[in-house]
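Just so you know, all these numbers are worked out from the coordinates, no wet-lab data involved. Because the structure is predicted, anything quoted here is derived from the model rather than measured.
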Ligand code: SF4
Ligand code: SF4
């Protein structure tokens with residue numbers, strides 16, 4: 001299974017190898033989609049985690065026991081290809097560059113795997129081509 005989560009770290013947990021242990025002890029594959037780390041304040045990370053169901057469950061229990069908030073990203077963002085006019089506005093506000101201008105075609109491509117469901121693109125699209133769906 002594969003899911004995306006927002007991890008919120010308290011200031012005193014940022015120096016611990018929490019994410020590394022997901023791979024080492026729980027055999028989970030993780031992909032860091034976005035991170036905002038500060039030694040002087042609370043930090044956050046958006047992770048995509050993939051693995052067997054049993055390992056996945058144990059890994060999540062481990063994270064929750066490490067004094068950090070784990071929030072699943074339950075929204076799914078989809079673009080209506082018929083409506084999109086490739087104006088590029090959404091690409092300018094997308095933090096992880098999931099929406100980006102393809103330098104060869106000059107069209108706006110959508111890399112779903114990088115999307116962290118922040119909804120910035122939904123608010124700015126002039127033709128309302130992007131929608132959020134809830135699990
Ligand atoms: S803002 Fe809307 S119309 Fe413009 S490229 Fe993005 S999805 Fe397409
Ligand atoms: S919701 Fe839109 S702006 Fe936010 S990461 Fe996904 S594609 Fe980018």
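Take every pair of alpha-carbon atoms less than 8 Å apart whose residues are at least six positions apart; their mean separation over the length of region 2-72 yields a relative contact order of 46 percent. Scattering from region 2-72 was approximated by placing one identical point on each alpha carbon and applying the Debye formula without solvent; log10 I(q)/I(0) at 0.13, 0.14, 0.26, 0.29 1/Å stands at -0.32, -0.37, -1.29, -1.53.
The three principal axes of the C-alpha atoms in region 76-134 carry coordinate ranges of 33, 22, 16 Å, sorted with the longest axis first.
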